[in-house]
Amino acid sequence: MLEREDIPALETLRLTAYQHATGTQLEDNSFLLWNELDERSCILVMENEAGKIISTMRGTVIHQKDDLENFFDIRLHQEFLFPKLAVSRAATFLEYRGRHYTVVLRTVFLQACIRAEIEGIATTIQEDASRVPLFRDMGCQMEVADISHRSDSYFHNSSRVLFGMLKRKDFFSAYKIANEKMMSKLSDFTIAPHLFDHIKTVLENTNRAVGDKNLLGL
């Protein structure tokens, strides 16, 4: 998990990675800087052997449908069980891309969610992203996100935005499939001591409200 002294390194990673994101153009990247939502979330990071942060992902517990809609700035047309873990701000330096590092971090969250009794993991992703087929194989239910209400956006993407939901009943099979199909597997990495217990504690203690829509959006 991110240490507070590493926040500047996290910001550099986010800003650099999103600047080079395939099919995405940003007019304003200030939302990538450390903010109140980050304070209320669990931030995972991956370091190389030199201790440099090279990949990251944020997980935020959501307890209500309207909060989930506000988080991703989309409209949902079905009901869900809560709480959900909303996964966002995935970023990897360009030279490390293609190695499934963010999928590895997502799998770490998945294992922690099994222990924390989270009812589902939600995400948004570009339709043409290379990870989409793996997410579908893992049992993630994906649909074109309803963004018809948006008048503007931080993002100008080259493909449609998908909303994905992995339900709790599919957690165990998803974890197995991820470890079978990922280019990089959890067993390839050194995991910080008690990491999953630490994540579980953060997820269980996180604030229930996500209210500032200005911090959000894809």
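Every Cα-Cα pair of segment 1-112 was included, and the share exceeding 22 Å stands at 36 percent. Out of Val108, Ala90, Asn205, whose Cα points farthest toward the positive end of the dipole of the chain (charges: +1 Lys, Arg; -1 Asp, Glu; placed on Cβ)? Of the listed residues, the answer is Val108. Segment Glu119..Glu95, full-extension length gain: 5.2 nm, with 0.36 nm per residue of separation and the alpha-carbon distance subtracted. Would you please give the FRET efficiency between Arg150 and Asp28, computed as 1/(1 + (r/R0)^6) with r the Cβ-Cβ distance and R0 = 22 Å, to the nearest 0.05? Efficiency at R0 = 22 Å is approximately 0.90.
Taking a Cβ cut-off of under 11 Å around Ile54, the surrounding Lys, Arg, Asp and Glu residues balance to a net charge of 0, with basic ones at +1 and acidic ones at -1.
For Phe82 and Ala50, a Förster radius of 35 Å and the Cβ-Cβ distance give a FRET efficiency of 0.30, rounded to the nearest 0.05.
The Cα atoms of the chain define a convex hull whose projected area, averaged across directions, is 11.0 nm². For the chain, the relative contact order works out to 27 percent when only alpha carbon pairs closer than 8 Å and six or more residues apart are counted.
Extending 7 Å from the Cα toward the beta-carbon at both Leu15 and Arg168 defines two label points whose distance is 4.1 nm.
Readers should treat all values here as calculations from the given coordinates under stated rules, not as data from a laboratory. For clarity, every value in this text was computed on a predicted model and none was experimentally measured. Using ideal geometry, Cβ is built from the backbone for each residue, glycine included, and neighbour counts are taken over all protein chains shown.
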